[in-house]
Amino acid sequence: MPEDSPRGYVARYGGREFRYQLCYLPGHTKATIKVHVHPNGKVQVDAPETAPLSEVKSAVQRRARWVLKHLDGIEERNRYVLPRQWVSGESMLYLGRRYVLKVIPDSERSRMSCKLIGGQLRVQGKKVTPARIQKAVRQWYRNRAEDVFQRRLDLMIDTLPWTTKAPAWRMIEMQTQWGSCSPEGTVLLNPNLIKATTRAIDYVLLHELCHLVEHNHSPRFYGLLDRFMPEWRSVKEQLDGRAELFLSFTKAGDDSELTV
């Protein structure tokens, strides 16, 4: 039976157990202990640096049933997420809608092209191997994400009183986060978020922009979310509920690297 280690801790409930990572938050002496279940099944516990380990473990134990319920849900949904074969007919997601992948061999086209035409995401070129198709689709997603994220960010900035211009931002594929904000104010966004609805994208952007004011998850931080997107909890729940579908692109063997 696994025991606690420097890399993580083990909680047990009803004959079952799960491992979690403990992250101490420097400078947040009054913050509460929070338990997160990431879309990939990892459990993370955030605690103020002054919190005794016994207090942290008690907090996790009180949430153990909730954690196991979410882990069971993730496992159930993962049963239906199959690795992509990168062939015509597969379903592709973009801004919350499904499109059909159409692979078109073209011996006269040396470079692979990827375009959204009607209800199809068409990939065309010669030597249409799964690796080349995947690379073309991945680049198309990134290009679209760069354009959509910037436009949504600019629109949101106009509605917020604490900033007048969009912060510096960049994209990085992540397995456990939709986005993050550094202490310096640089925002990181997961390009796979482009598969979600525009409202879900707005929620993630707002979450990170609120961190420009409150770089923590304090009551004031959640107050800002409530003020500028009262329905953010339901949006987040729907986004996390589809995480396996949105992140399956990465799961299929990408060489790249969700919890707002």
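The values are calculated or read from the model by the stated rules, or taken from the named source; none is laboratory data. Please read all numbers here as calculations on a predicted model, not as lab measurements. For neighbour counting, all protein chains shown are included, and Cβ atoms are generated from backbone atoms with ideal geometry for every residue, glycine included. Surface areas here come from the heavy atoms of the whole protein model, side chains and all, with no ligands, DNA or RNA. Shrake-Rupley method; radii C 1.70, N 1.55, O 1.52, S 1.80 Å.
Can you pull out every residue in region 227-239 that is open to solvent by 40 Å² or more (accessible area, probe 1.4 Å) and closer than 27 Å to LYS42 by Cβ? Spell out the reasoning first.
Step one: list which residues in region 227-239 are open to solvent by 40 Å² or more (accessible area, probe 1.4 Å), which gives 227-228, 230-231, 233-234, 236-238.
Those that are open to solvent by 40 Å² or more (accessible area, probe 1.4 Å) and closer than 27 Å to LYS42 by Cβ: GLU231, ARG233, SER234, LYS236, GLU237, GLN238.
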Original post:
Is region 112-128 home to any residue that is assigned to a helix (DSSP H, G or I) and not β-branched (Val, Ile, Thr)?
Top reply: no
**OP:** State whether one or more residues within region 81-100 are in contact with a strand residue (DSSP E or B) (Cβ under 8 Å, 6 or more places away or on another chain) and in a helix (DSSP H, G or I).
**Re:** no
**OP:** Sort through ARG65, ARG77 and tell me the only one that's modelled with pLDDT of 85 or more and part of a helix (DSSP H, G or I).
**Re:** ARG65
**OP:** Test TYR222 against the criterion of being surrounded by fewer than 16 Cβ atoms within 10 Å (Cβ to Cβ) and either at positive phi or not in a loop (DSSP other than H, G, I, E, B) (or both), and give yes or no.
**Re:** yes
Original post:
Out of the residues in region 1-59 that are at pLDDT 80 or above and among the polar types (S, T, N, Q), which is nearest to LEU239 (Cα to Cα)?
Top reply: GLN44
Original post:
Yes or no: LEU193 at pLDDT 90 or above and farther than 28 Å from SER113 by Cβ?
Top reply: no
Original post:
Within region 135-148, is even one residue more than 23 Å from MET92 (Cα to Cα) and among the aromatic types (Phe, Trp, Tyr)?
Top reply: no
Subject >> Of all residues in region 174-203 being in a helix (DSSP H, G or I) and closer than 20 Å to GLY41 by Cβ, the one that is farthest from the chain's Cα centre (by Cα) >> reply: LYS195
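Output the residues belonging to region 144-165 that are open to solvent by 80 Å² or more (accessible area, probe 1.4 Å) and either of a type in the set (A, V, I, L, M) or assigned to a helix (DSSP H, G or I) (or both). Can you show your working first?
At the first step, the residues of region 144-165 found to be open to solvent by 80 Å² or more (accessible area, probe 1.4 Å) are 146, 151, 155, 158-159, 161, 164-165.
If the condition is that a residue be open to solvent by 80 Å² or more (accessible area, probe 1.4 Å) and either of a type in the set (A, V, I, L, M) or assigned to a helix (DSSP H, G or I) (or both), then GLU146, ARG151, LEU155 are the ones that fit.
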Original post:
How many of the residues making up region 95-125 are of a type in the set (S, T, N, Q) and closer than 30 Å to TYR203 by Cα?
Top reply: 1
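Inspect all residues belonging to region 228-236 and state whether any of them is outside any loop (DSSP other than H, G, I, E, B), out of contact with any Pro (no Cβ under 9 Å at 6 or more places or on another chain), small (Gly, Ala, Ser) and at pLDDT 95 or above.
Keep residues of region 228-236 that are outside any loop (DSSP other than H, G, I, E, B), which gives 228, 232-236.
In the following step, the residues that additionally are out of contact with any Pro (no Cβ under 9 Å at 6 or more places or on another chain) were identified as 228, 232-236.
Checking which are small (Gly, Ala, Ser) leaves us with 234.
Going one step further and asking which of them are at pLDDT 95 or above, we end up with none.
There is no residue in region 228-236 that is outside any loop (DSSP other than H, G, I, E, B), out of contact with any Pro (no Cβ under 9 Å at 6 or more places or on another chain), small (Gly, Ala, Ser) and at pLDDT 95 or above.
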